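Here is the structure we will look at.
The values are calculated or read from the model by the stated rules, or taken from the named source; none is laboratory data. Just so we're clear, the structure is a prediction, and the values are computed from it rather than from any experiment. For neighbour counting, all protein chains shown are included, and Cβ atoms are generated from backbone atoms with ideal geometry for every residue, glycine included.
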Amino acid sequence: MNNLIQNYKIILKELTHTCKYITASKQIRLPKMSDLELVALNLTAEYMSINSELQLFRTESGSDEEQPARDSLADEI
């Protein structure tokens, strides 16, 4: 799990630095993650050869429970 979070933070920092001019459009609901955070998470999963969301959340939580892992990942980030 540590490697996932560390890799995510490194990729997010580089994306934020590279794409700082990109602005998000206004939405009615406040999303849990920004567009750059989602791209960083996707790139991190690809980099770590994680092929599915279920595998990603199992890797992050170390268990078979998908929903609590998803919430904890959004809170951690």
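Only one of (1) modelled with pLDDT of 90 or more; (2) of a type in the set (D, E, K, R); (3) not in a helix (DSSP H, G or I) fails for Arg29. Which number is that?
Just one mismatch for Arg29, condition (1).
Scan region 49-77 residue by residue and report those that are under 19 Å from Ile10 (Cβ atoms), surrounded by 11 or more Cβ atoms within 10 Å (Cβ to Cβ) and either at pLDDT 65 or above or acidic (Asp, Glu) (or both).
Ile50, Leu56, Thr59, Glu60, Glu76
Output the residue which, of all residues in region 1-46 that are within 12 Å of the chain's Cα centre (by Cα) and of a type in the set (Gly, Ala, Ser), is nearest to Arg58 (Cα to Cα).
Ala45
Suppose the filter is acidic (Asp, Glu) and at pLDDT below 80; does Glu46 pass it?
no
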